[in-house]
Every structure is written in C-alpha cells, then in structure tokens.
Amino acid sequence: MANVKVPREKIPWYPAIDAERCIHDRECIEFCKNNVFDWDDALGVPVVARPYNCVVGCDACAKICPSEAISFPPMEEFKATLRRLIAEAQQEKTAAPTGA
C-alpha cells in the first residue's frame, strides 16, 4: 500500500476544555509549546484557539492539568477515525488520474 497523507485539518485530534472543571491556573497555556491555547479574558478560561497546531496523538496537556479539565477523543475512537481517513485518502489517490 502506498503512503498517503491525510490533511491535518481532517484529523480530529485536539483538546476540549471543560470550563466548569478549569481552575484557571493557565498551566495548559504555559505548557503547550505549539500555541494551541489562548486565554479568554471575558470567560476567564483557556480556549482552544488553534486546534490544528496540536500534535496528533499528543495529550500531554491533559496529563498536566491538575483539575482534569482537558480531554481528547477516546483513543480507540480516534484510531478508527484515522483508519477511515487513511482509507479514504488511499481511495482518492487511487482514483486520481496519473500525469503523463
């Protein structure tokens, strides 16, 4: 099987924040070097401002959050979605006309 690439914007891997659990310590913002989060001054909580900056498979911010306010898709669900996306990309690649 040929290597296929799935565009990052199609891969649903990024954090979700439970604002009710958040203790407003900004640990996620300080921790994430990929600039995924911003601080929402009006709400007083972090927001996922750049979800596709998140490294696929990384859930380190959830692990360091002391209030467990950050979550990611369940791994088995994510793997099934990724398999489907790869199969779709493979089909698109196979169906695409080849250049002469």
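The values are calculated or read from the model by the stated rules, or taken from the named source; none is laboratory data. Predicted, not measured: the structure shown is a model, and the values here were computed from it. Neighbour counts run over all protein chains shown; Cβ positions are idealised from the backbone, glycine included. What goes into the accessible areas is simple: the full protein's heavy atoms, side chains included, and nothing from ligands, DNA or RNA. Shrake-Rupley method; radii C 1.70, N 1.55, O 1.52, S 1.80 Å.
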Of the residues in segment 36-70 that are in contact with a helix residue (DSSP H, G or I) (Cβ under 6 Å, 6 or more places away or on another chain) and closer than 22 Å to Val6 by Cβ, the one that is surrounded by the fewest Cβ atoms within 10 Å (Cβ to Cβ) is Tyr52
Residue within segment 86-100 that is farther than 10 Å from Pro15 by Cα, open to solvent by less than 30 Å² (accessible area, probe 1.4 Å) and either part of a loop (DSSP other than H, G, I, E, B) or at pLDDT 95 or above (or both) present: no
Given (1) under 30 Å from Ala96 (Cα atoms); (2) charged (D, E, K, R); (3) part of a strand (DSSP E or B), where does Asp38 come up short, assuming only one miss? (1)
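On the given criteria, is Thr81 open to solvent by less than 60 Å² (accessible area, probe 1.4 Å), closer than 24 Å to Asn3 by Cβ and out of contact with any helix residue (DSSP H, G or I) (no Cβ under 8 Å at 6 or more places or on another chain)? It would help to see each step written out before you state the result.
Values: open to solvent by less than 60 Å² (accessible area, probe 1.4 Å): yes; closer than 24 Å to Asn3 by Cβ: yes; out of contact with any helix residue (DSSP H, G or I) (no Cβ under 8 Å at 6 or more places or on another chain): yes.
For Thr81, the condition - open to solvent by less than 60 Å² (accessible area, probe 1.4 Å), closer than 24 Å to Asn3 by Cβ and out of contact with any helix residue (DSSP H, G or I) (no Cβ under 8 Å at 6 or more places or on another chain) - is met.
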Those residues of segment 1-44 which are over 18 Å from Val55 (Cα atoms) and of a type in the set (Gly, Ala, Ser), in sequence order: Ala2, Ala19, Ala42, Gly44
Which one is nearest to the chain's Cα centre (by Cα) among residues in segment 23-33 that are exposed (fewer than 13 other Cβ atoms within 10 Å of the Cβ) and in a loop (DSSP other than H, G, I, E, B)? Lys33
Glu20: farther than 26 Å from Arg84 by Cα, among the acidic types (Asp, Glu) and surrounded by 13 or more Cβ atoms within 10 Å (Cβ to Cβ), yes or no? no
Take the residues of segment 1-17 that are part of a loop (DSSP other than H, G, I, E, B) and within 21 Å of Ser67 (Cβ to Cβ): which is most open to solvent (accessible area, probe 1.4 Å)? Tyr14
